[in-house]
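Each remark here refers to the structure printed beneath this line.
The values are calculated or read from the model by the stated rules, or taken from the named source; none is laboratory data. All figures in this text were calculated on a predicted structure; none of them were measured in a lab. Don't worry about glycine lacking a Cβ; one is built from the backbone with ideal geometry, like all the others, and counts go over all protein chains shown. Surface areas here come from the heavy atoms of the whole protein model, side chains and all, with no ligands, DNA or RNA. Shrake-Rupley method; radii C 1.70, N 1.55, O 1.52, S 1.80 Å.
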Amino acid sequence: MRRIFFLLWSAVLLTAVCTSCSNNPAETEETAVVATPETAVRPTEPSQPLDDNNFIVIATDAPNPPFTQFDPFGNVIGYNSTVIEALSRIDGFEYEFVVTPYEGVLDVMAAQPGGDIDAVMVPVPIPTAPPEGIAYTAPYLELGQMLVVLADDTTLQSSADISSGMKIGVVGDSSSEQTALEVMGLSSDQIVTFDKSVAALTALVAEELDAAIVDSYSAEYFAGQFPEQLKIVGGNGRSAWLSAKAYGLAVAAANQPLLARLNAAIAQADSSRTLQQLGQTAFLPTDPFDPGESRVGTTSSTLVLGVLGNLADMDPASNPDLLRWEVMNNVMSGLYRLDATGPVPNLITGSPQISDDKLTYTFSLRPDVAFSNGRSLTADDVKWSIARSARLGNFLVNAFLKDSNDDGFADEDAVQVLDPLTVRLVLQIPTAYLPSLLATPPFFPLDSSCYAETADSASVCGGIGRYTIADWATGESLTLQANSVWFGDAPNFEALQLVFYSDPGSLRRALERFQSVDMAINAFGYQEASALARQDVDGDGTADFTLWDGPTFFKSYLVFEQSQEPWDKKQVRQAAAYALDRDALAVLFGGSRRPLLSPIPDTIPFSQPVYPARDLERARALLLQAGYSAGKPLEITIWYENNGRYSPQEADYANLIKQQLEETGVFQVTLEGVVWESFRAQISQCAYSTYLIGWPTPGQPTNYMDATSWTDFFIENTSSGFCSNYESEPMTRLLEQANEATDPAARQAVYSQIQQLWATDLPTLDLLQEPRRVLSLAKVGNVTFDPLGLLDYGTLTKSGE
C-alpha cells in the first residue's frame, strides 16, 4: 500500500514548481553555496532506532542538472540517480524518487520519522549545524575550488601571490566567483566571469588571464590531461582547495538503521572509487578544449617537429612536394634508398640484371620484408603500385617506363612479375639513373589491400618504412610510430610527431619560448634562423639552437634566348659569365646562398667547378669580338620575378647583377620586375630575351637524385617551357651517353665533358645555390639529410637536459 501511495503522490508532485532552484542553489557551474573544508559534518547519531525497511523513498527537486532531470518518460535521471543506484547495488535496498519542493520537506521528515519520506537528496551542502531532528550521511560528493595557472608560471606559488593588477577568471554566479570574492577577498575589478570552466581555461591558455578558479573536478582533470599547459597552484588534492563543500543525504535523526546502511554503502562506494567516477561523469565539462602549446618543453621519449605549412596529400602517386616526400621517405621506402653517396639497394637483394640494350632491369626482392600489417612484400605489390602511379598520371613513372603507343602512359607490361620475388621493369630509353628514380615515392611499393585504386590523398596506410602513421589530424598534426616489422635499423624514437603551423611567428614562439617543438622545418629565413642559432639566453656559453645545413636543393640562374640577338653570339654569353662576381652576389644573401660554379650543385655526384672567375678585361674583349664596346654599348633587358617567390631580396639581386654587368662599360641593363603569373606566361611564349629564375619550384624537391635532374630539363625543353632555344648536337650526344653509362667512372667522365661544354655554350648561366636548412634546439643531434634534402627522422637524437 505504501509503495502504491507514493507512486501516485509522485505523479502529482511532478507538476509542482521547484522553488528550491532559486532559494537553495545547487553546486553547479551556474550556482553554488560556498562552504569551508570544515563544513562537512560527521553523521548525526540517531536517538531512537526504527525498524529496518528495505524500500526507501527519497525526496528530491527536479529538474536541476546535472543533479536531476527528467527522461522522456518522466523518470528522474542525472547524477543523484546514478549515486543512489550505485548505493542500492551495494546495500540491496529498493528506492524511489519523489519530486517535491525542498522547502519544508526536512521539517516533515524530522517530525515523522519512518513516515512517508525516508531521505532527502538535494544539491545543497551539508550545513555546519543540521536542523533539529535531521542527520546527514557521510558525504557522497565533495567539491573544492582550485586556482589553475599556466604550466610555466613561476609568479603564483599560492593564492596570496595574486596582486591587484592580475586578472583571474571565474565561472559567474557559482562557487568559483564566490570563492574569489568572499574567501580570497578579490575585488570585482580583478575577476573576469565566464559561463563555463572550459571558457575560463581557454582564456587562460590564450594568456588573457593570470589564473582561473574552477571546481576541483575540472581543475584536476585538465591539469592532469594537459600537464604541459596547465597546473594547479598548491599541487593536487584537498590541500590545494581554496574552498570546499560536501553533500550528503538527509535522514531523520531517529532513523539509525537507515543512516548506518547508507553510510556503509557510501564508504564502500568511496573506497572502490565509484563515487569519484560518477562525479567525473557528471561534472567534467564536455565542451571542446584546445590546450595550445606545451609550455614546459617536450618529453625525452618523443621528438616533436614543428612544420610551417600543412600536409594535405599522402598519396605517393601525387606530384613532388618537399614535405610530403620527406614524410613518405620515413613511412615508406623503395627498391632503392638514398644515402650520402647516392642510391643503394633497399628492398632488393643486390644489383639488378640489366639487358644488353639497357632497357630491361630485373630485380630480386628481399624475402624478409613485410608491410606494417605483417603481410610479406611480393612482386605483385611492386607491379600494382607502379602501375597505379602510371594510371594516375605520375610523370616520373610515365616518362621513363615503356610506352609503345606514345599515349603518355606506361604500358601494362612495363612492369612484369616473373615470380613472387622477382620483378622486371622495361624502359623507354636507356636510363642509367633508374636506381635514383626507384628511390622516389611514385615507385614505392604499397599494400593494395589498403590503398585505393584511385587517388587516395588522405591515406594513412604508409608503406614499408621505419615509421608507420599512428594518427593524422589534418591541418594540425601527424603522429608516427616505430614500425615493429621494419627489417632495418630501428629509429631512435619510438614515437615522433609533426605539428603544423600556419604562421612563422607561432612556430618561433613554440620553439623559442616554450620549446614545445624540438625542431622547426621550413620555418624561417636564413637571417632569422642564423640569429637564433647564435642566441644564448641562459648565458651558459652554449647556443640555444643549432642551424643544420643539408644538400643544395635550389639554384638561381640566368637564361638567354639564343635564337635572337645579342645572345645568339657565344661571345656575348661568355662575356656575361666573366662579368659576374658570384662571391659578391652571395654576400647580398648574408650567407643563405653560396656561389655555384657548375650547372650541377656541388653536393650532387659528378659536379665540378667550370665557370670562370670574374674577369672584366676578358668580358670586354669578348664583347669587342661580338661588335660591342664603350662606344657602341649593348642594351639588354633582364626580367625577374618580383613578388617574393624566390627570395625577398630578388629586386636587390637583379640590381646587383645589373651593376656588375654595367661595370664592363659596355652592357647597359634595364630591369623589369614581374609577378609570377605574368612572368611564367611570358616565359612559356619565349617573350623574354633574358631573365633571372630559380630551380626547382619552391617547395618541391628535384625530381630525383642525379646530375641529370639538374641538366636534362634545360636541354630537352629549350624551345618551350624555358625558351632558351639552345641547340647543340654535341650536348645531346653527351647526355645520351650519360644516360647509357651504368659504370660510375664512365658517367663521371661524360659529365665532366657536359659541364665543360655547358660553361662554353651557356644553356643557362648558373649563379648561386642554396642548401636545405632546419633549426633545432641545441639538444637535438644527428640531423641527417638525404641527397634530395629530405630529413631522415629515424636518425635524430635528443640529449638530456
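Using C-alpha pairs below 8 Å separated by at least 6 residues, the relative contact order for the stretch 66-211 is 16 percent.
Residue separation of Gln608 and Asp652 scaled by 0.36 nm, minus their Cα-Cα distance, works out to 13.0 nm of gained length.
Pull out a ≥ b ≥ c, the square roots of the eigenvalues of the alpha-carbon gyration tensor of the stretch 647-801, then state rounded if a/c is under 1.5, prolate if not and a/b is larger than b/c, and oblate in the remaining case. Provide the component values of the computation, followed by the final result.
Values: a/c = 2.12, a/b = 1.25, b/c = 1.69.
In terms of gyration-tensor shape, oblate.
Listed by chain and number, the lysines whose C-alpha is less than 26 Å from the C-alpha of Lys167, apart from same-chain residues fewer than 8 away, are Lys196, Lys231, Lys245. Taking label points 7 Å from Cα along the Cα-to-Cβ direction, Ser272 and Glu672 give a separation of 8.5 nm.
Take the Cβ-Cβ distance between Asp173 and Ser88 as r, set R0 to 60 Å, and report the resulting FRET efficiency rounded to the nearest 0.05.
0.95
Going by alpha carbons, how many degrees (0 to 90, nearest 10) lie between the helix axis of 650-662 and the longest principal axis of the chain? In the chain, helix 650-662 runs at an angle near 20 degrees to the longest axis.
In order along the stretch 232-238, the phi-based Karplus estimate (6.51 cos²θ - 1.76 cosθ + 1.60, θ = phi - 60°) of 3J(HN,Hα) comes to 9, 5, x, x, 9, x, 4 Hz; Gly and Pro are listed as x. Projected label points at Thr474 and Leu181, each 7 Å from Cα along the beta carbon direction, are separated by 4.8 nanometres. For Lys570, the lysines whose Cα comes closer than 28 Å to its Cα, not counting residues fewer than 8 places off in the same chain, are Lys555, Lys632, Lys658. Compute log10 of I(q)/I(0) for the chain with the Debye formula, placing one identical point scatterer on every Cα and leaving out solvent, at q = 0.06 Å⁻¹, to two decimals. The Cα Debye sum returns log10 ratios of -0.59.
For the stretch 184-275, the mean projected area of the C-alpha convex hull, equal to one quarter of the hull surface, is 8.7 nm².
Which order do you get for Arg773, Arg573 if you rank them by accessible area with a 1.4 Å probe, largest at the top?
On the way: Arg773 40, Arg573 10 Å².
Result, largest first: Arg773, Arg573.
Over the C-alpha atoms of the stretch 241-379, the Rg to Rh ratio, Rh being the Kirkwood estimate, stands at 1.35. Summary value for the chain: 12 percent relative contact order, contacts being C-alpha pairs under 8 angstrom separated by 6+ residues. Given +1 at the Cβ of Lys and Arg, -1 at the Cβ of Asp and Glu and no other charges, the dipole of the stretch 428-522 around its Cα centre is 280 debye to the nearest 20. The distance between label points at Ala458 and Val417 comes to 3.0 nm (points 7 Å beyond Cα on the Cα→Cβ vector). For the pair Thr128 and Asp406 in one chain, pulling the backbone fully straight at 0.36 nm per residue adds 90.9 nm over the alpha carbon distance. In the chain, the longest principal axis of the Cα atoms and the axis of helix 79-91 are about 70 degrees apart. Taking the longest Cα principal axis of the chain as reference, the axis of helix 570-579 is set at about 50 degrees. For Lys402, a cut-off of 25 angstrom between C-alpha atoms picks up these lysines, skipping any fewer than 8 places away in its own chain: Lys358, Lys383.
Hey, can you find the accessible area per residue of the stretch 342-432 for me, probe 1.4 Å, expressed in square angstrom?
On the way: 4040 Å² over 91 residues.
Each residue of the stretch 342-432 exposes 44 Å² on average to a 1.4 Å probe.
Gain on full extension, evaluated as 0.36 nm per residue between Ser301 and Thr760 minus their Cα-Cα distance, stands at 159.7 nm.
Candidates Leu777, Ile600, Phe545 compared by Cα position along the dipole of the chain: farthest toward the positive end lies Ile600, with charges placed on Cβ.
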